[in-house]
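Q: I have a structure here, written as structure tokens, and I will follow up with some questions on it.
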Amino acid sequence: MHRGAFALPHHGRTPSTEPHRPVRSFGRAASLSDHPARLPYIYGALAGGDPLSYSSTDPHSLMTIAKRFRWEGAHRLPWHEGGCQHLHGHSYRMTVELDGPPDERGLLIDFKDLKALLRPLIDAWDHATLVAEDDVALREALERLDSKYAVLPVDTTSENLCTYVADYLARTGADVLREHGITAIRVRIQETETCYAEAERRLPTGPAAAPAVAAPAETGDVA
């Protein structure tokens, strides 16, 4: 069989030796030549020509990059009446998006830099109980058990966690984000496969101060 040929199980029939052809749906397979108007843009960009006038530093060109994080944690909402008033855990999944203009090489920000900015917070929350600062009973119980916990100034809802992470990143990463021209932060946190909350923070493009937020929690400290 020559290169590019294929054969299906033939069950007694002669295997096909025809060259592989693209899978077709709703008629013949499409190709670039079907769209001649697009060719100058495609080939112009690839060849460095002028037809598209492409530039990664175009001030109107914006990019979004995203990185996912995960941690295991427990919490409770003492005022809740639907079951969440009891101490329980989640496999938290978080996606952090950053918006901004890419640089001359087409890079917005290195993923490892974003990871480094959030690593202290994730490490503080992983396998810990997230506790609202006014939930004194839970704090005392965790201290008696010598268990890892992190205290937040708000109730530990997904909505509040999103806002907290966005503000934390805007503050602790202010210099890095400003250096890369980041204009917005979006944080999505999933408690379960079917539920998530999302918060967005628009960032000042000048030297304005980032929103105040406390340092990441160590065991038993306020987050």
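Q: So which pairs qualify, if the first residue must be in the stretch 127-144 and basic (Lys, Arg), the second must be not in a strand (DSSP E or B), the Cβ gap must be under 9 Å, and the two must be at least 6 apart or on different chains?
A: Within 9 Å, the pairs are 139/133; 139/220.
Q: Among residues belonging to the stretch 103-142 that are in contact with a Gly (Cβ under 7 Å, 6 or more places away or on another chain) and part of a helix (DSSP H, G or I), point out the one that is surrounded by the most Cβ atoms within 10 Å (Cβ to Cβ).
A: 125
Q: Can you name every residue in the stretch 143-169 that is within 18 Å of the chain's Cα centre (by Cα) and buried (at least 18 other Cβ atoms within 10 Å of the Cβ)?
A: Across the stretch 143-169, the qualifying residues are 158, 160, 161, 162, 163, 164, 165, 166, 167, 168, 169.
Q: Something else about it: Given the options 172, 129, name the one that is polar (S, T, N, Q), modelled with pLDDT of 95 or more and under 19 Å from the mean Cα position of the chain (by Cα). If you could, list the steps in order and put the result at the bottom.
A: Working: 129 fails: under 19 Å from the mean Cα position of the chain (by Cα).
Going through 172, 129 in turn, just one is polar (S, T, N, Q), modelled with pLDDT of 95 or more and under 19 Å from the mean Cα position of the chain (by Cα): 172.
Q: Right, here's the next one. Taking the stretch 176-197 as the search range and keeping residues that are among the small types (Gly, Ala, Ser) and part of a strand (DSSP E or B), which one is farthest from residue 112 (Cα to Cα)?
A: Among those residues, the one meeting the criterion is 197.
Q: Could you grab me the full set of residues in the stretch 145-160 that are in contact (Cβ under 8 Å) with a residue 40 or more places away in the chain and either under 15 Å from residue 126 (Cα atoms) or in contact with a strand residue (DSSP E or B) (Cβ under 6 Å, 6 or more places away or on another chain) (or both)? Write out each step before concluding.
A: Going through the stretch 145-160, the residues in contact (Cβ under 8 Å) with a residue 40 or more places away in the chain turn out to be 148-153, 155-157, 159.
Listed by number, the residues that qualify are 148, 149, 150, 151, 152, 155, 156, 159.
Q: Of everything in the stretch 44-80 that's under 30 Å from residue 121 (Cβ atoms) and assigned to a loop (DSSP other than H, G, I, E, B), which residue is modelled with the lowest pLDDT?
A: 62
Q: While we're on this one: Check the stretch 140-158 and report whether any residue there is touching a Ser or Thr at 6+ places or on another chain (Cβ under 7 Å) and charged (D, E, K, R).
A: yes
Q: Could I ask something else about it? Just one of the numbered conditions (1) more than 16 Å from residue 124 (Cβ to Cβ); (2) in contact with a Pro (Cβ under 8 Å, 6 or more places away or on another chain) is not true of residue 168; which one?
A: Condition (1) is where residue 168 drops out.
The values are calculated or read from the model by the stated rules, or taken from the named source; none is laboratory data. This structure is a prediction, so every number in the text was calculated from the model and none was measured. Every residue, glycine as well, gets a Cβ built from its backbone with ideal geometry; the counts of neighbours run over all protein chains shown.
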